[in-house]
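Reading through the structure tokens given below for one structure.
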Amino acid sequence: MASHKLKHKFSAKPSISDGIKFASKKERKRYQELKSLQQHGELVFFLRQVPFHLPGNVKYVCDFMNFWHDGSVTIEDVKGFKTDMYTAKKKIVESVYPIEIQEV
């Protein structure tokens, strides 16, 4: 019996760093960059996979929420390809919450 590996519909290659599974190599790379910024004192800390609850029982999950020394907070989504669903949820999040999602 042959085993079949599931292929991501956008050709993203899942990868692992620090025992954490990432949806893509690009997301893993951004995680490593943020860790370096934190270790060098430029970033206070960051969170991964932060949910935002939206009207209609819809949920949007950002890839990273970054807390900087100047008190600012940035929301990041690592994108190789923007889906219509992502674009719609991004607009809703930005209209419901006082934030702007940065695409990396």
Got a number for residues in the stretch 12-66 being surrounded by fewer than 14 Cβ atoms within 10 Å (Cβ to Cβ), over 14 Å from the mean Cα position of the chain (by Cα) and part of a helix (DSSP H, G or I)? 2
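Applying the selection to the stretch 67-91, what residues are under 26 Å from K35 (Cβ atoms), among the charged types (D, E, K, R) and loosely packed, with under 11 Cβ neighbours inside 10 Å? Steps first, answer last, please.
Residues of the stretch 67-91 under 26 Å from K35 (Cβ atoms): 67-82, 86, 90.
With the extra rule that they be among the charged types (D, E, K, R), the set shrinks to 70, 76-77, 79, 82, 90.
The one that is under 26 Å from K35 (Cβ atoms), among the charged types (D, E, K, R) and loosely packed, with under 11 Cβ neighbours inside 10 Å: D70.
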Yes/no for K89 being part of a helix (DSSP H, G or I), in contact (Cβ under 8 Å) with a residue 12 or more places away in the chain and either of a type in the set (A, V, I, L, M) or under 16 Å from E103 (Cβ atoms) (or both): yes
Give the stretch 67-85 a look and list any residue that's of a type in the set (D, E, K, R), under 16 Å from R28 (Cα atoms) and either modelled with pLDDT under 95 or outside any strand (DSSP E or B) (or both), or say none. K79
When every residue in the stretch 67-91 that is under 11 Å from the mean Cα position of the chain (by Cα) and not β-branched (V, I, T) is compared, the one farthest from E42 (Cα to Cα) is K79
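Which residue is nearest to the chain's Cα centre (by Cα), if the candidates are limited to the stretch 92-103 and must be among the aliphatic types (A, V, I, L, M) and either closer than 19 Å to V44 by Cα or surrounded by 14 or more Cβ atoms within 10 Å (Cβ to Cβ) (or both)? Walk me through how you get there before you give the answer.
If we filter the stretch 92-103 for residues that are among the aliphatic types (A, V, I, L, M), which is where we start, we get 92-93, 96, 99, 101.
Within this subset, residues satisfying the condition of being either closer than 19 Å to V44 by Cα or surrounded by 14 or more Cβ atoms within 10 Å (Cβ to Cβ) (or both) are 92-93, 99, 101.
Details: I92: 17, V93: 14, I99: 15, I101: 10 Å.
Looking at the filtered set, the residue picked out is I101.
The values are calculated or read from the model by the stated rules, or taken from the named source; none is laboratory data. Just so it is clear, the structure is predicted and the values come from calculations on it, not from any experiment. For neighbour counting, all protein chains shown are included, and Cβ atoms are generated from backbone atoms with ideal geometry for every residue, glycine included.
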